Amino acid sequence: MLSLENVTVTFNAGTPNEVRALRDLSLQVDKGEFVTVIGSNGAGKSTLFNVISGAVPPAAGRIVLDGDDITYMPEYRRSHAIGRVFQDPRLGTCPGLTIRENLSLAAIHGRSASFRRDVKKEQESWFIEQLEREHLGLERRLDADVALLSGGQRQAVTLVMATLTQPQLLLLDEHTAALDPNAAEQVINLTQQLASSQELSVVMITHSMQQACVLGDRVIMMDQGRIVFEIAGEERKNLQPADLIERFHSLDSGAELSDRQLLG
Ligand SMILES: Nc1ncnc2c1ncn2[C@@H]1O[C@H](COP(=O)(O)OP(=O)(O)O)[C@@H](O)[C@H]1O
Ligand SMILES: [Mg+2]
């Protein structure tokens, strides 16, 4: 479904501030697969998402999404195929607009006028159905300004909006890190529900070793722009946060995990 082949991203190339944020990185994600990504601060996790979504160009390598070479495709042309949710609940929705208005914007995103007319109603009922399942009470607040919602409610709306146009790939960048534990759990439940009902391919960056162990099919550890190990299959089944921390320390890379990662 998604394939990165030997992708390198360099910032400020040829200057004293040169940063090699991704180094010859290769990654394959299958259709319907759910991959979690962990790693120290500055490991290159968000840059990985930026290069997949087209916000940052690669200096070398190739990116293929569902058979199409998208390496140099502009960001706006691939955005309908890639849903993305960030850590900050304010980034995914537009304040001053209601849930319903935000929803309309998401529904027409990247679509033709005739498509817009045909599917809007259908999408609204699908959207409400998704929100109802998590019992967040949002389906009754469709005409409320999103600025009045809690962080968790806003992330839930963002998540459903990001999957509304049935993207092939969903990229989640620590999307529960700013939420309290209860809200985080609800947003995670919604994430799993959306991923499995739509057979989405999901890549989720998380600061939580616990989330990395419990969610998805495969864990990837990044360090200094590289994937330093992957855990899948049998080994993944009984994986504990302590195992991940031990594997990380045995790398002896000099990078440190934050307290939040060690305790969270
Ligand atoms: N736009 C940019 N310009 C210059 N350096 C950047 C830019 N984006 C990221 N970096 C650098 O690239 C490295 C990887 O950053 P990032 O991908 O944000 O790490 P992570 O998400 O794992 O914390 C860091 O050293 C960061 O400072
Ligand atoms: Mg990041």
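Do you know which of the residues in region 4-62 that are more than 20 Å from Ile82 (Cβ to Cβ) and among the hydrophobic types (A, V, I, L, M, F, W, C) is nearest to ligand 2 (Cβ to nearest atom)? Restricting to residues being more than 20 Å from Ile82 (Cβ to Cβ) and among the hydrophobic types (A, V, I, L, M, F, W, C), the top hit is Ala43. Scanning region 207-253 for residues that are touching a residue at least 12 places away in the same chain (Cβ under 8 Å), of a type in the set (Ser, Thr, Tyr) and farther than 23 Å from Thr191 by Cβ yields one hit, Ser253.
Summed over region 12-26, residues that are surrounded by fewer than 20 Cβ atoms within 10 Å (Cβ to Cβ) and touching a residue at least 12 places away in the same chain (Cβ under 8 Å) total 5.
Here's the yes/no breakdown for (1) more than 16 Å from ligand 2 (Cβ to nearest atom); (2) within 18 Å of Gln28 (Cα to Cα); (3) in contact with a Lys or Arg (Cβ under 8 Å, 6 or more places away or on another chain):
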residue: Val187; (1), (2), (3): yes, no, no
residue: Thr191; (1), (2), (3): yes, no, no
residue: Leu194; (1), (2), (3): yes, no, no
residue: Met204; (1), (2), (3): no, yes, no
residue: Gln211; (1), (2), (3): no, no, no
residue: Gly216; (1), (2), (3): yes, yes, no
residue: Ile220; (1), (2), (3): no, yes, no
residue: Gln224; (1), (2), (3): no, no, yes
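Restricting Ser46, Ser53 to residues that are among the polar types (S, T, N, Q), within 13 Å of the chain's Cα centre (by Cα) and under 26 Å from Leu262 (Cβ atoms) narrows the list to Ser46.
Return the residues of region 63-95 that are within 16 Å of ligand 2 (Cβ to nearest atom) and charged (D, E, K, R); say none if nothing qualifies. Result: Arg84, Asp88. No other residue among Ser253, Ser258 is over 20 Å from the mean Cα position of the chain (by Cα), within 16 Å of ligand 2 (Cβ to nearest atom) and not β-branched (Val, Ile, Thr) apart from Ser258. Being of a type in the set (Ser, Thr, Tyr), within 16 Å of ligand 2 (Cβ to nearest atom) and buried (at least 21 other Cβ atoms within 10 Å of the Cβ) is true of Thr176.
Read-outs throughout are calculated quantities, based only on the coordinates presented, and are distinct from any laboratory measurement. For clarity, every value in this text was computed on a predicted model and none was experimentally measured. When we count neighbours, we look across all protein chains shown, and the Cβ atoms used for this are built from the backbone with ideal geometry, even at glycine.
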